[in-house]
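Presented below is the structure to which this report refers.
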Amino acid sequence: MDRPRALPAEGYEDFLQDLKQRIRHAQIRAGLAVNRELVLLYWRIGRDILERQERSGWGAKVIERLAADLHREFPEMKGFSRTNLLYMRAFAEAWPEEQFVQQVVGQIPWGHNVRILDAVKDPGEREWYARAAIQYGWSRNVLVLQIESGLYRRQGKALTNFTQTLPEPQSDLARQVLKDPYNFDFLTLAEGAREKELEAGLLEHVRKFLLELGVGFAFVGSQYPLEVGGEDFKIDLLFYHLKLRCYVVIDLKMKPFKPEYAGKMNFYLSAVDDLLRHPDDQPSIGIILCKSKNAVVAEYALRDTKKPISISGFRLAESLPATLQASLPTIKELEDELKTPEPKEVERQGHQPPERPGNQKAVAPRK
């Protein structure tokens with residue numbers, strides 16, 4: 001019979017939790033160090049191949065021989081194939097400075113670097129994706145998705161009045177968080193679909209929607225109720241941004257932008273700031289997502305607006321004609337035929353926002 005465990009000494013649980021956290025951090029640092037050394041080794045191999053080809057006139061055939069000889073010496077290692085040696089050469093050619101390799105691209109796995117080399121040709125864009133992968137902790141699949149969606153060209157491109165309505169550090173950060181257009185290719189809506197159907201589609205694919213919005217967005221609610229002056233109003237989508245420390249109101253429009261949309265958003269932001277915003281929060285931000293916009297009309301609509309508002313377009317997957325849809329198998333039929341598991345969804349980014357004091361219902365605004 002086991003003897004009962006003695007009660008731990010005072011402060012033991014806190015010590016144990018601290019120890020666990022330190023061990024986990026050490027494991028992460030060790031993993032990063034191993035990755036950095038491997039990427040640096042590959043870069044040096046690629047650099048040496050480049051130098052010998054340029055100085056000694058080595059031809060392309062030498063890479064095949066090198067792959068065979070290295071495999072014979074290190075049969076348990078899979079990184080010295082002809083294809084990977086060619087990637088090492090291209091990697092060293094793309095990033096000639098060793099210090100940059102150590103400080104930036106050495107911080108992401110080799111597979112990430114290969115995908116960036118394959119899919120992105122502009123050096124500045126390559127560096128942007130490498131730094132973004134480090135900053136946001138993107139998996140390889142998420143990195144590929146962001147490259148394919150053209151995130152580099154869309155990030156920070158939304159038309160806003162943030163410079164006039166937010167203090168400088170907050171306005172710069174908020175501007176970089178937003179995009180234009182937003183990519184909703186995971187939705188297929190028929191021509192003439194209404195805002196309600198767009199909202200339902202985004203909520204059905206909420207994980208993909210959060211991924212497209214970007215890191216830091218935490219979902220608060222859809223058709224979020226507000227009571228102002230005894231009347232009921234509903235916000236299409238309400239988020240809280242953990243890095244900006246503010247509420248984000250999203251208004252969905254399946255039509256081109258109209259100036260009155262800005263007035264409606266201005267009202268919503270005033271209500272959210274008065275009824276929901278905590279004293280420590282930054283001013284709430286509004287995003288009007290519309291099918292298209294006339295830049296001149298949008299600029300006039302925002303020029304004298306005092307609340308921070310962004311106007312962005314979005315793009316959807318093109319729906320198939322009904323005749324073609326009828327001739328194609330359904331998703332279930334394909335799954336039954338192939339008997340493959342459903343793909344794993346991308347991990348949801350962000351967390352639930354902190355509890356907010358106060359009530360969202362109010363008969364009249366506070367004075």
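Tabulated values for the structure
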quantity	calculated
Any hit, region 30-46, residues being within 27 Å of the chain's Cα centre (by Cα), closer than 22 Å to residue 104 by Cβ, at pLDDT 65 or above and open to solvent by 90 Å² or more (accessible area, probe 1.4 Å)	yes
Region 231-254 residues that are under 19 Å from residue 278 (Cα atoms), paired with ones that are open to solvent by 40 Å² or more (accessible area, probe 1.4 Å) and assigned to a loop (DSSP other than H, G, I, E, B) (beta carbon under 7 Å, 6 or more apart)	242/351; 244/282; 245/282; 246/282; 247/277
Residue within region 300-309 that is touching a Ser or Thr at 6+ places or on another chain (Cβ under 7 Å) and exposed (fewer than 13 other Cβ atoms within 10 Å of the Cβ) present	yes
Of all residues in region 296-330 being modelled with pLDDT of 85 or more and small (Gly, Ala, Ser), the one that is nearest to residue 155 (Cα to Cα)	310
Of all residues making up region 243-274, the number that are modelled with pLDDT under 90 and within 19 Å of the chain's Cα centre (by Cα)	2
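The values are calculated or read from the model by the stated rules, or taken from the named source; none is laboratory data. All figures in this text were calculated on a predicted structure; none of them were measured in a lab. Note: ideal-geometry Cβ built from the backbone for every residue, glycine included; neighbour counts use all protein chains shown. The protein model used for the area step is the full one, side chains on, heavy atoms only, and it has no ligands, DNA or RNA in it. Shrake-Rupley method; radii C 1.70, N 1.55, O 1.52, S 1.80 Å.
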